[in-house]
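What follows is calculated from the coordinates using simple rules that are stated; it is not laboratory data. What you see is a predicted model, and the numbers here were worked out from it, not measured in a lab. Using ideal geometry, Cβ is built from the backbone for each residue, glycine included, and neighbour counts are taken over all protein chains shown.
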Amino acid sequence: MSFETVLVTGGAGFIGSAVVRHLIDATQARVVNVDALTYAANLDNLAMVEGDPRYLFEHADIRDKAALQRIFARHRPDAVMHLAAESHVDRSIDGPAEFVQTNVVGTVTLLEAALEYWRGLDADAQARFRFLHVSTDEVYGSLGEEGLFSETSQYQPNSPYSASKAASDHFVRAWHHTYGLPTLITNCTNNYGPYQFPEKLIPLVVLKALAGESLPVYGKGENVRDWLHVDDHARALLAVLKRGRVGETYGIGGQAERRNIDLVRQICAILDGLLPAGAPHARLITMVSDRPGHDLRYAMDIGKIGAELGWRPQETLESGLTATIAWYLDNRVWWQRIKDGVYRGQRLGLTAD
């Protein structure tokens, strides 16, 4: 299936901008980026496509139904890729209400606008339309040392962030089963790559190491995450949009599990090779108090998306991490603006207030 116009929410964010860039590069679709431009959004992420006649930007909040109605009426999309979300667990500990507003209320508002628009389409256009909701494996809670999450795993969210994403998943599923809206859901593991806001672990460690600052690792560093390169994620999302079965959920993962302490050591080793003057960077590693309610391990079984859609990650963690670190070294202007402005590397999520 191909699409003439794809509406991407949160297209100025880290994953959203990768999706927009991939759509422009790999398809002939018009791409409408709807973004409220909150703290983690950055139009610099889209500098390479902003001059493309197939790219359009709409500055709007997904909680603003009137704005969404205007955007649907103006651009007439035949697909929605919904990525707009508050996404940082530590921030959700400090301010959970904002996560409910954006991730839950915003998703429901978008669903209402999409359903109203879809109902006004002719039968052929209704059959072609897709609403893809992009979510996280964190909705499933915490794994022990063995096993993997799958599309049928029980929901057990443990942070305000994952609870808000779990709620949004449920609403998307409800809009399909109750109203017939042709929806798809994906749940992915931890993303990394270029243009990632530096509150996240990998860019945070890289930029602190460049500054000679301590590299904070929560608790004993034994929490395990599966790492997925953002470009692999974008390819997976397009595969689901084009070939996924309506009403289904697809898990997406990188098959690259690491304990946090081992990941930070790997970053330090790569930096030692790229910047030997600062070596050994591992001397900067500092163990700090753990995150409240820190889930032990996440990992996703990608058998379903592999068998049905033929997708698997192309990047190894070694190749992807090396390229990502090199990107941050080569793009100081991009991240320096952030460090000079909205985020200076301070720790978040220390309290449950």
| query | Under a plain spin-label model, where a point goes 7 Å from the Cα along Cα-to-Cβ, how far apart in nm are Leu275 and Glu112? | reply | 4.8
| said: Under 29 Å between alpha carbons: how many lysine pairs meet that in the stretch 140-297, if sequence neighbours fewer than 8 apart on the same chain are excluded? | reply: 6
| request: Return the FRET efficiency for the residue pair Glu50, Ala323: r is the Cβ-Cβ distance, R0 is 25 Å, and the value is rounded to the nearest 0.05. | output: 0.60
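Using helices alone, I'd like the mean residue ellipticity at 222 nm for the chain: each DSSP H run of four-plus residues gives -39500 (n - 2.57), total over residue count, nearest 500. The partial results should precede the final answer.
Values: 13 runs with 142 residues, N = 353.
So the calculated ellipticity at 222 nm is -12000 deg cm²/dmol.
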| task | Indicate, rounded to the nearest 5 percent, the antiparallel portion of the DSSP beta bridges found entirely in the chain. | result | 10
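I'd like the FRET efficiency for Asp262 and Ser150, computed as 1/(1 + (r/R0)^6) with the beta carbon distance as r and R0 of 25 Å, rounded to 0.05.
Values: r = 25 Å, r/R0 = 1.00.
E(calc), rounded to 0.05, equals 0.50.
May I have the convex hull volume per residue, in Å³, for the Cα set of the stretch 12-66?
Values: hull volume 4.3 nm³, N = 55.
For the stretch 12-66, the hull spanned by Cα atoms encloses 79 Å³ per residue.
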| task | Would you mind computing, in nm to one decimal, how far apart the modelled labels at Ala282 and Ala307 are, each placed 7 Å from Cα along Cα→Cβ? | result | 4.1
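Just order 239-251, 7-19 by mean Cβ neighbour count inside 10 Å, highest at the front, would you? Present the calculation step by step, with values, prior to reporting the outcome.
On the way: 239-251: 18.8, 7-19: 27.1.
Packing proxy ranking, top to bottom: 7-19, 239-251.
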| message | Just to be sure I understand, if you calculate P(r) over Cα pairs in 10 Å bins from 0, in percent for this structure, which of (i) 5, 25, 36, 24, 8, 1, 0; (ii) 5, 21, 24, 19, 11, 7, 6, 4, 1, 0; (iii) 5, 20, 28, 24, 15, 7, 2, 0 do you get? | response | (i)
| query | Label Ser2 and Arg332 with points 7 Å out from Cα along Cα→Cβ: what is the distance between them in nm? | reply | 4.5
| task | Starting with the highest mean, order 76-85, 260-269 by the number of other Cβ atoms within 10 Å, averaged over the residues of each peptide. | result | 76-85, 260-269
